[in-house]
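Visitor: Got a structure here, written out as C-alpha cells. Questions coming.
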Amino acid sequence: MSTSPNEASISLTLRVLVYCYSILTLFFAFAFIDSTLAVQAGADVHAYMEDIISFPVYLLIIVGMKRRRPWVRPLVYGVACFSTLRMLSVMISGDMTAAAVNGLAAFLMYLFNGMFIFFFAYQLYFFSRADVRAYYEKPLDK
C-alpha cells in the first residue's frame, strides 16, 4: 500500500475539505431544522429553500469524498459555482452593507464572504486537476 507523494497531498487536502464541509454541515443542520419548523408553521418555502437543500447536499459531498465516489466531483463543481456566484452577487449588490449594523460588522461580513469565495474557488481549481481526476477514477483499496 504505497502512495505517491502526490496522492498523499491529495488525500490530505481532501481530509481538510471534509473537515470544512463537516463544519458547514453542522451549521446547516441547525438552519435545516429552523427552516423546516418555519415552513411547517406556514412560512414561504422559497425563502428557506437554500437552507433546506444545503444540509443534505453537504452530507452527500462528505460521503462522496470519504468513499472516493466519482460523482462527488460534479457535485462539488455545482455547489462551488453556485456558492461563489451567489456570494459575489451579494457583495457587488451592496446587500451586505445595508444589513450591517456598523462599519466593523460590514467589514467582517465582507471578510468572511471573501474567505468563503476563496474556499469554493479553490475547490474549482483542486477538483479540475488531472491528478485529482485520476485519484477518483482509481478503485478504493479496502
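The values are calculated or read from the model by the stated rules, or taken from the named source; none is laboratory data. Keep in mind the model is a prediction, meaning the values are calculated, not measured. Cβ atoms come from the backbone with ideal geometry, glycine included; neighbour counts cover every protein chain shown.
Visitor: Scanning region 39-63 for residues that are farther than 14 Å from T25 by Cα and crowded, with 16+ Cβ neighbours inside 10 Å, which turns out nearest to the chain's Cα centre (by Cα)?
Guide: Among those residues, the one meeting the criterion is Y48.
Visitor: Among the listed residues L75, L85, L111, L59, which satisfies the condition of being in a helix (DSSP H, G or I) and in contact (Cβ under 8 Å) with a residue 24 or more places away in the chain? Steps first, please.
Guide: On the way: L75 fails: in contact (Cβ under 8 Å) with a residue 24 or more places away in the chain; L85 fails: in contact (Cβ under 8 Å) with a residue 24 or more places away in the chain; L111 fails: in contact (Cβ under 8 Å) with a residue 24 or more places away in the chain.
Step by step, each of L75, L85, L111, L59 is checked, and only L59 is in a helix (DSSP H, G or I) and in contact (Cβ under 8 Å) with a residue 24 or more places away in the chain.
Visitor: For S35, all conditions in the list (1) without any contact (Cβ under 8 Å) to a residue 12 or more places away in the chain; (2) part of a helix (DSSP H, G or I) hold save one; what is the number of the exception?
Guide: Failing condition for S35: (1).
Visitor: So D95 fits all but one of (1) at pLDDT 90 or above; (2) closer than 28 Å to T36 by Cα; (3) among the charged types (D, E, K, R); what number is the exception?
Guide: Every condition holds for D95 apart from (1).
Visitor: Which condition from (1) assigned to a helix (DSSP H, G or I); (2) surrounded by fewer than 12 Cβ atoms within 10 Å (Cβ to Cβ) is the one that P70 breaks?
Guide: All conditions are met except number (1).
Visitor: Any residue in region 129-142 that's over 12 Å from R69 (Cβ atoms): show its pairings with residues that are of a type in the set (S, T, N, Q) and at pLDDT 70 or above at Cβ separation under 7 Å, as long as the two are six or more apart or on different chains.
Guide: Close Cβ pairs (under 7 Å, with a partner that is of a type in the set (S, T, N, Q) and at pLDDT 70 or above) amount to D131/N6.
Visitor: Can I ask one more? Which condition number in (1) exposed (fewer than 15 other Cβ atoms within 10 Å of the Cβ); (2) small (G, A, S); (3) part of a helix (DSSP H, G or I) is the one that A80 fails?
Guide: So the condition that A80 fails would be (1).
Visitor: For the subset of region 3-38 comprising residues that are loosely packed, with under 12 Cβ neighbours inside 10 Å and of a type in the set (S, T, N, Q), which member is modelled with the highest pLDDT?
Guide: Ranking the qualifying residues of region 3-38, first place goes to S4.
Visitor: Does any residue of region 38-54 turn out to be part of a helix (DSSP H, G or I), touching a residue at least 24 places away in the same chain (Cβ under 8 Å) and out of contact with any strand residue (DSSP E or B) (no Cβ under 8 Å at 6 or more places or on another chain)?
Guide: Yes, that holds for at least one residue.
Visitor: Going through S35, S11 one at a time, which residue ends up being among the hydroxyl-bearing types (S, T, Y) and in contact with an Asp or Glu (Cβ under 8 Å, 6 or more places away or on another chain)?
Guide: Residue meeting the stated conditions: S35.
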